[in-house]
Amino acid sequence: MTSPPQQTSLQEARVNSGVSAGESKRPSARVYEVDPLGDPRWQNLVERHPRASVFHHVGWLRALNRTYGYEPVVFAASPPTSDLENGMLFCRIRSWLTGKRIVSLPFSDHCAPLCEPDEGFESLICHLLAARAGQGWKYLELRPINRSFEKAVKNLGFKPAVRYVLHRVDLEPTVEEIFGRLNKDSVQRRVRRAARAGVAEVCGNSQGLLRDFYQLLLRTRGRHNLPPQPYAWFSNLLDCMGEAADLRLAYMKNVPLAAVLVLHFRGKSYYKYGCCDERFHHLGAMPFLLWGAIVKAKLIGSKTFDLGRTGEDHRGLIAFKNHWTPISESLTYWQCPASQSVTFIEDWKQRIVKSVCARAPERLLATVGTLLYRHAG
């Protein structure tokens, strides 16, 4: 069900959020809350809006809600009796460990506002900033992929919280041309080696494949002293996303070597998770799987293959993705109110988690992940 409409004047919102009311004499605007899980207008907007991504998809939101209990909510200017013309998607996060906040969108690489960076965007944000104190939110977080929002969020008091690098492979050329552009030693040669060695690719959503995927994920995360995401997250994701989720595993004589989970939506494909058994690294199973996913994406009509975000300090992963496409762009997450302590606390939490996981037996890592991830969104 949709929440009852709420109204906040733009002038009042500017005052409450710390933005001077004298900066604008625009008329007040009305903001409505929409439940994207129960109101079909949201998915209808996602299906037609040019900035929509798989992270706006109701299946992705339902998986977040089932697994972590996050409450997705859309703030829009359209009344309940009309189609949605725009909207900003968030999740309300309530955690006794990390506090209350509202994020667009947890565990999502990016989540563009489905509106223009204009007065309408400003009205929606000011509404949220005005409501922050009453709701007890520590901060608002935005993850726009389009840099056209940068000026608007700065004017509203947002500051950069963390920066990433985003790689996307252009799928407009032919399959042969795409393959020819990949790094010859790190990609082309390893893909051919895997094929010659008899590495087999298996795709599907069976429980057997999911269990093999999770064991590989557990092993991979353990190598990095990090807990894996809960098993329920991947089970819910496959269930909620349906055919849009593409789970692919590489085997050699029934031994799982590597796995990737790719999502497809509206002409775009997204490499979201990857894991492997390092003992078989020499077989080239991971490049083999990624190339198979790119070919699949091309065949179903995707125009881009999103390789996902990478932290600016993760040089090894950036180098790996550069082998697939040398073209990258910056991706900034914005928070308001900004606090210098946010980054420090996040770094401190990561150090503590890594220290704990480095000492924990592999069989306990899944339990640690199940306990911690709902607080980390």
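Which value, in debye to the nearest 20, describes the size of the charge dipole of the chain about its Cα centre when Lys and Arg Cβ atoms bear +1, Asp and Glu Cβ atoms bear -1, and nothing else is charged?
On the way: 51 positive and 35 negative charges, 253 e Å.
That gives the chain a dipole magnitude of about 1220 debye.
In region 236-304, what trypsin sites (Lys or Arg not before Pro) fall in a loop by DSSP, with at most 12 other Cβ atoms inside 10 Å? Show your work: numbers first, answer last.
Working: sites: Arg248, Lys253, Arg266, Lys268, Lys272, Arg279, Lys296, Lys298, Lys303; in loops: Lys253, Arg266, Lys303.
Loop-located and lightly packed - Lys253.
Can you pull the Kirkwood radius for region 170-238, inverse mean 1/r over Cα pairs, to one decimal in Å?
Details: mean 1/r = 0.0666 Å⁻¹.
For region 170-238, inverting the mean 1/r across all distinct Cα pairs yields 15.0 Å.
Taking every Cα atom in region 69-134, find the radius of gyration and the maximum pairwise distance Dmax, and write them in Å.
For region 69-134, the Cα-based Rg and Dmax read 12.8, 39 Å.
When the accessible area of the chain is split by element with a 1.4 Å probe, what percent falls to carbon and sulfur?
Details: 8880 of 17360 Å².
C and S fraction of accessible area: 51 percent.
Which residues does the label zone of Leu97 cover in region 222-266, counting backbone N under 14 Å from a point 7 Å along Cα→Cβ?
Only 226-230 pass the distance filter.
If Lys and Arg each add +1 and Asp and Glu each add -1, what is the summed charge of the other residues whose beta carbon sits under 13 Å from the beta carbon of His110?
On the way: positive: Arg51, Arg143, Arg147, Arg163, Arg168, Lys268, Lys272, Arg309; negative: Asp109, Glu141, Asp306, Glu329.
After counting each charged neighbour, the total is +4.
If one puts a single equal scatterer on every Cα of region 210-317 and applies the Debye formula without solvent, what log₁₀ I(q)/I(0) results at q = 0.16, 0.18, 0.21 Å⁻¹?
Treating every Cα as an identical point scatterer, log10 I(q)/I(0) equals -0.76, -0.96, -1.27.
Please report, largest first and rounded to whole Å, the three semi-axes of the ellipsoid equivalent to the chain, where each semi-axis is the square root of five times an eigenvalue of the C-alpha gyration tensor. Intermediate results must be reported in sequence, preceding the final value.
Working: eigenvalues 283, 105, 76 Å².
Working through the eigenvalues yields semi-axes of 38, 23, 20 Å.
I need the shape label for region 129-199. Rule: rounded when a/c is under 1.5, else prolate if a/b > b/c, else oblate, with a, b, c from the alpha carbon gyration tensor.
The shape class here is prolate.
Evaluate the distance, in nm, between pseudo-label points positioned 7 Å from the Cα of Ile300 and of Lys151 along their respective Cα→Cβ axes.
3.8
What number comes out for accessible area per residue over region 180-323 if the probe is 1.4 Å? Units Å², please. Intermediate results must be reported in sequence, preceding the final value.
Working: 6340 Å² over 144 residues.
Per-residue value: 44 Å².
With a/c under 1.5 counting as rounded, go ahead and sort region 110-263 into rounded, prolate or oblate using the C-alpha gyration tensor (a ≥ b ≥ c being the square roots of the eigenvalues; past the cut-off, prolate if a/b is larger than b/c, else oblate).
Working: a/c = 2.65, a/b = 1.76, b/c = 1.50.
Note, shape of region 110-263 comes out prolate.
Over region 90-133, give the accessible area per residue in Å² for a 1.4 Å probe, as an integer.
Values: 1320 Å² over 44 residues.
On a per-residue basis, 30 Å².
Using the structure shown, list the pairs from Lys184/Lys272; Lys298/Lys321; Lys154/Lys298; Lys100/Lys321 with a Cα-Cα distance above 28 Å, or answer none.
On the way: Lys184/Lys272 24 Å; Lys298/Lys321 18 Å; Lys154/Lys298 37 Å; Lys100/Lys321 34 Å.
Beyond 28 Å between Cα atoms: Lys154/Lys298; Lys100/Lys321.
Which Cα, out of Leu156, Tyr333, Ser78, lies furthest along the positive dipole direction of the chain (beta carbon charges, K/R +1, D/E -1)?
Tyr333
Pop the C-beta distance of Asn225 and Ala319 into the FRET formula with R0 = 35 Å and round what comes out to the nearest 0.05.
According to the calculation, E is roughly 0.95.
If you average the sequence gap of Cα pairs under 8 Å that are 6 or more apart and divide by the length of the chain, what percent do you get for the contact order?
Values: 669 pairs, mean separation 76.7, N = 377.
20 percent.
Towards the positive end of the charge dipole of region 112-220, with charges on Cβ (+1 Lys, Arg; -1 Asp, Glu), say which of Ile178, Phe213, Pro144 has the farthest Cα.
Toward the positive end, the furthest listed residue is Phe213.
Which is farthest toward the positive dipole end of the chain among Val368, Phe90, Tyr270, measuring Cα position about the Cα centre, with Cβ charges +1 (Lys, Arg) and -1 (Asp, Glu)?
Val368
The values are calculated or read from the model by the stated rules, or taken from the named source; none is laboratory data. What you are looking at is a predicted structure, and each value in this text was computed from that prediction instead of being measured. Neighbour counts are summed over all protein chains in view; Cβ atoms, including those assigned to glycine, are modelled from backbone coordinates with ideal geometry. All accessible areas refer to the heavy atoms of the entire protein, side chains included, with ligands and DNA or RNA removed. Shrake-Rupley method; radii C 1.70, N 1.55, O 1.52, S 1.80 Å.
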